[in-house]
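Colleague: I'd like to ask you about the structure that follows.
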Amino acid sequence: MLPAKKIRVLQTIRQGKIGGGESHVLDLVATLNRTRFEPVVLAFTDGPMIQALQKMEVPVHVIASEKAFDISVWKQVKRFLQQQQIDMVHVHGTRANTNVLWAARSLQLPLIYTIHGWSFHEGLNPMMKRARIAAEKYITRKAQVNICVSEANRQTGLQAFGSFHAEVIRNGVNLQKFDPAVIYPDVRTALGIPADHLVVGYIARMTYQKDPVTMIRAFAAAAQQVKDVTLLMVGGGELKQTAMDTAQALGIADKVVFLDFRQDVPAVLKAMDIYCLPSLWEGFPIGVLEAMAMGKAVIATDVDGTREAVTHEQNGLLVPPANPEALTAAMVRLLQDFYLRKQLQQKAVKTIQTTYNVTGMTRRIENIYEAISL
């Protein structure tokens, strides 16, 4: 009897820069059962994710596009799907979906859509928000299976569309990569951070959603109350310069280290004592999970998907979004309370090991692939 033909699954995402969705794709293709599935990755911009996939020897391609519903690339995507002999398409995020959906449907390929966070959110003008809700309603109804990375995302879809079917599969962490027992390169020393300083860290894109300016303001107030503390801000984005200017204006530039995004995230996390993510909204933040896996005490905003991973005062602290005073208070509390900090660090590791292992996430996604390939 001949072995079953491998299923060629296209994983497609909007960009080659590394963020939550891109980390999810990297972990997914790394843990897929290669006796059953052959992953191929398509991104619409270049970036570090592309090089990471090449090192993993995963076929990866870029079709340049910076916008959603970019009709100019649809035929190119269709030719790509044909040339690669793709059996199934798994799209990650709205932009990738809108630029692959027509081609997949025209070739009658099954399509799975993972929503890593809705494109409609607070802060949009009402007309733009209505347009994005209409677009998401359309593309979710054209998918064979929708996957939400949090129950909050599924509920948001239900409220916005009236009727919405989705599986909830929360993100997982690669515990071989994010292992607090491993000895990593000494990032603190390399950056010149004094050995006696406690380090508060932020690893995320510096965008409106991630609210880096509130992070700077909160830390500035905390640094007035706690000596020997450094803030490590890692990432790029349109608000990075604003964040740097704010640190300068508040007189804390000598206490803040700004870095561009780095590939050695486990080593960077190892250098931190406290990890903060002051997002205004989230799907299900992989950055928080990775920090917890590395045994960091986490402070995060009490928003949709985040509160499904972080339970206040059990495995982290939750604060209201856009509230620098509350974030300052949480920072000061953890900086001054060694025992609480250690307790949260230990419980964070246990949470990830028991609940958010990437292997379990991948097996559930593989079950979906198998079901729709029959």
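Colleague: Can you give the local net charge around VAL58? Use residues other than it whose beta-carbon is closer than 11 angstrom to its beta-carbon, Lys and Arg +1, Asp and Glu -1.
Modeller: Around VAL58, the charge tally is 0.
Colleague: Let me ask something additional. Can you list the GluC sites (Glu not before Pro) in the range 272-374 that are in a DSSP coil and have 14 or fewer other beta carbons within 10 angstrom?
Modeller: Details: sites: GLU282, GLU290, GLU308, GLU313, GLU325, GLU366, GLU370; in loops: GLU282, GLU313.
Sparse-neighbourhood loop GluC sites (Glu not before Pro): GLU313.
Colleague: Then there is this: Using DSSP to call loops (not H, G, I, E or B), can you name the trypsin sites (Lys or Arg not before Pro) in the range 215-255 whose Cβ has at most 10 other Cβ atoms within 10 angstrom?
Modeller: Details: sites: ARG217, LYS227, LYS240, LYS255; in loops: LYS227.
Passing sites in the range 215-255 are LYS227.
Colleague: Taking H as built 1.01 Å from N, whose amide H comes closer than 5 Å to the amide H of ASN357, not counting residues under 5 places away?
Modeller: VAL173
Colleague: Residue-wise, which Karplus ³J(HN,Hα) couplings in Hz belong to the range 234-247, taking 6.51 cos²θ - 1.76 cosθ + 1.60, θ = phi - 60°, and x for glycine or proline?
Modeller: 10, x, x, x, 5, 9, 5, 5, 4, 4, 5, 5, 5, 4
Colleague: [x] 0.94; [y] 0.98; [z] 1.37: which one is Rg/Rh (Cα atoms, Kirkwood Rh) as calculated from this entry?
Modeller: After the calculation, the listed value that fits is [y].
Colleague: Another one. Once phi is turned into θ = phi - 60°, what whole-Hz ³J(HN,Hα) does the Karplus curve with 6.51, -1.76 and 1.60 give for every residue of the range 136-143, x standing for Gly and Pro?
Modeller: 5, 4, 5, 6, 5, 6, 8, 7
Colleague: Turning to a different aspect of this structure: Within a Cβ distance under 15 Å of LEU81, other residues only, what is the Lys/Arg minus Asp/Glu net charge? Don't skip to the answer; put the middle values down first.
Modeller: Values: positive: ARG8, LYS75, LYS78, ARG79, ARG105; negative: GLU38, ASP87.
Summing Lys and Arg as +1 and Asp and Glu as -1 gives +3.
Colleague: Under 10 Å, Cα contacts only: if you run a Gaussian network model on the chain, which one of GLY172, GLY47, GLY251 comes out with the highest mean-square fluctuation?
Modeller: Fluctuation is largest for GLY251.
Colleague: Give the separation of the Cα centroids, the range 144-187 to the range 230-249, in Å.
Modeller: Their Cα centres are 27 Å away from one another.
Colleague: Can you tell me which of LYS75, LYS55, LYS137 moves the most in a GNM of the chain? Springs connect C-alpha atoms under 10 Å apart.
Modeller: LYS55
Colleague: Now for a separate question. In the range 187-355, if the dipole is taken from +1 on Lys/Arg beta carbons and -1 on Asp/Glu beta carbons about the Cα centre, which of THR306, THR230, ALA253 is farthest to the positive end?
Modeller: THR230
Colleague: List the residues, sorted by chain then number, that are 5 or more residues from ALA297 or on another chain and whose placed amide H is less than 5 Å from its amide H.
Modeller: It is TYR275, by chain and number.
Colleague: For the pair GLN224 and ASN367, how long in nm is the line joining their label points, each one 7 Å along Cα→Cβ?
Modeller: Calculated label separation equals 5.3 nm.
Colleague: Would you grab the residues whose amide H sits under 5 Å from the one on ILE7? Only those 5+ places off in sequence or on another chain, please, with H modelled 1.01 Å from N.
Modeller: Here the answer is PHE37, GLU38, since their amide H atoms fall under 5 Å of that of ILE7.
Colleague: List, in the order given, every pair from LYS17/LYS255; LYS142/LYS210; LYS210/LYS255 whose Cα-Cα distance in the structure shown is over 24 Å. Could the numbers behind the result be given before it?
Modeller: Working: LYS17/LYS255 28 Å; LYS142/LYS210 30 Å; LYS210/LYS255 21 Å.
Check vs 24 Å cut-off fails for LYS17/LYS255; LYS142/LYS210.
Colleague: Now a separate question. Could you tell me which residue out of CYS276, ALA64, LEU81 lies farthest along the dipole of the chain toward its positive end? Charges go on the beta carbon: Lys and Arg +1, Asp and Glu -1, centred on the Cα centre.
Modeller: LEU81
Colleague: Now for a different question. To the nearest 20 debye, what is the magnitude of the charge dipole of the range 226-357 about its Cα centre, counting +1 on the Cβ of each Lys and Arg and -1 on the Cβ of each Asp and Glu? Walk me through the numbers before you get to the answer.
Modeller: Working: 12 positive and 15 negative charges, 97 e Å.
Roughly 460 debye for the range 226-357.
No lab work stands behind these numbers, since they all come straight from the coordinates. Predicted model only: the values in this text are computed from it and were never measured. Note that we place each Cβ from the backbone using ideal geometry, even for glycine, and neighbour counts take in every protein chain shown.
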